Amino acid sequence: MLIFYDFEVFKFDWLVVFIIPETRSKIAIVNDSEKLKSFYDTHKDFIFLGYNSRSYDSYIFKSILLDMTPYLVSTQMINEGKKGWELNKNFYKMQLYNFDVMTSQHSLKELEGFMGNNIKESSVSFDIDRELTEFELQEVIEYCTHDVEQTIKVFLKRKKDFDSHLELLKTFKLPMAYISKTQTQLAAIILKA
């Protein structure tokens, strides 16, 4: 089963929206690491899909599961230019079947525009130096939900990339963990390069 997701991280708040198309369910989790851990435990054998999730969201996800502060992890990746895998050796040990829908240098917002869809932005600044109000949290949940819905639309236009990725795993009897690899990394593994 596929689960689409997106994280938003602020100094004092974080949230994630999961959408499971097969069951038509949407789950928003706000600042509740125990609820996130429970969701992960129940769904860890599913494939999680996000836009730019290989470089960002998967590490935010793992950081919360490891009781790290997601804001610090986010800051190190965004402001300091560190790669997620550099931040904690335990990230490698965690199972997260993550497929990144991003296959180009376009941002999700650019692709939304190219598809003729509404480009939704949040008026809530990511630089807020306080906890978000309930109203602000609701706006960010709507913004995040919109991004997940747009990720699903991008995925549907590029589903053959995903299908070919899965086919390579099956054909060459590679572990499901390799779903997180790029096409180039998969080719190198298959060719033993």
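General observations
- The stretch 53-102 - convex hull of the alpha-carbon atoms, volume per residue in Å³: 66
- The chain, accessible surface, carbon-and-sulfur percent (1.4 angstrom probe): 52
- Amide H partners (placed H, <5 Å) of Asn52, local residues excluded: Val101, Met102
- Net charge over other residues, Cβ less than 13 angstrom from the Cβ of Ile189 (K, R count +1; D, E count -1): +3
- Environment charge at Val16 (Cβ cut-off 9 Å; Lys +1, Arg +1, Asp -1, Glu -1): -3
- GNM on the chain, alpha-carbon springs under 10 angstrom: the most fluctuating residue among Asp32, Asp129, Asp161 is Asp129.
- Extension gain, Thr69 back to Asn90 (0.36 nm per residue minus Cα-Cα distance, nm): 6.1 nm
- Diffusion coefficient, µm² s⁻¹, Stokes-Einstein with Kirkwood Rh over alpha-carbon pairs of the stretch 1-115 at 20 °C and 1.002 mPa s: 146
- Above-threshold pairs, the threshold being 24 Å between Cα atoms, out of Lys35/Lys153; Lys93/Lys170; Lys159/Lys192; Lys89/Lys157; Lys11/Lys82: Lys35/Lys153; Lys159/Lys192; Lys89/Lys157
- Stokes-Einstein D (µm²/s) once Rh is taken as the Kirkwood radius of the chain over alpha-carbon pairs, at 25 °C in 0.890 mPa s: 141
- Separation in nanometres of the label points that stand 7 Å from Cα toward Cβ, at Glu80 and Leu156: 4.1
- DSSP loop GluC sites (Glu not before Pro) with at most 14 other Cβ within 10 Å excluded, longest remaining stretch of the chain: 132-193
- Mean projection area, nm², convex hull over Cα of the stretch 114-193: 8.3
- The chain: calculated mean residue ellipticity at 222 nm from DSSP helix runs of at least 4, using -39500 (n - 2.57): -12500 deg cm²/dmol
- For the chain: accessible area per residue (Å², 1.4 Å): 55
- Of the chymotrypsin sites (Phe, Trp or Tyr not before Pro) in the stretch 34-97, the ones in a loop by DSSP (not H, G, I, E or B) with at most 10 other beta carbons within 10 Å are Tyr92.
- Cβ-Cβ distance of Phe135 and Lys173, R₀ of 41 Å, FRET efficiency by 1/(1 + (r/R0)^6): the value works out to about 0.20.
- Charge sum, other residues only, whose C-beta stays under 11 Å from Ile128's C-beta, Lys/Arg counted +1 and Asp/Glu -1: -3
The values are calculated or read from the model by the stated rules, or taken from the named source; none is laboratory data. Owing to the predicted nature of the structure, the values given are computational and were not obtained by experimental measurement. For neighbour counting, all protein chains shown are included, and Cβ atoms are generated from backbone atoms with ideal geometry for every residue, glycine included. What goes into the accessible areas is simple: the full protein's heavy atoms, side chains included, and nothing from ligands, DNA or RNA. Shrake-Rupley method; radii C 1.70, N 1.55, O 1.52, S 1.80 Å.
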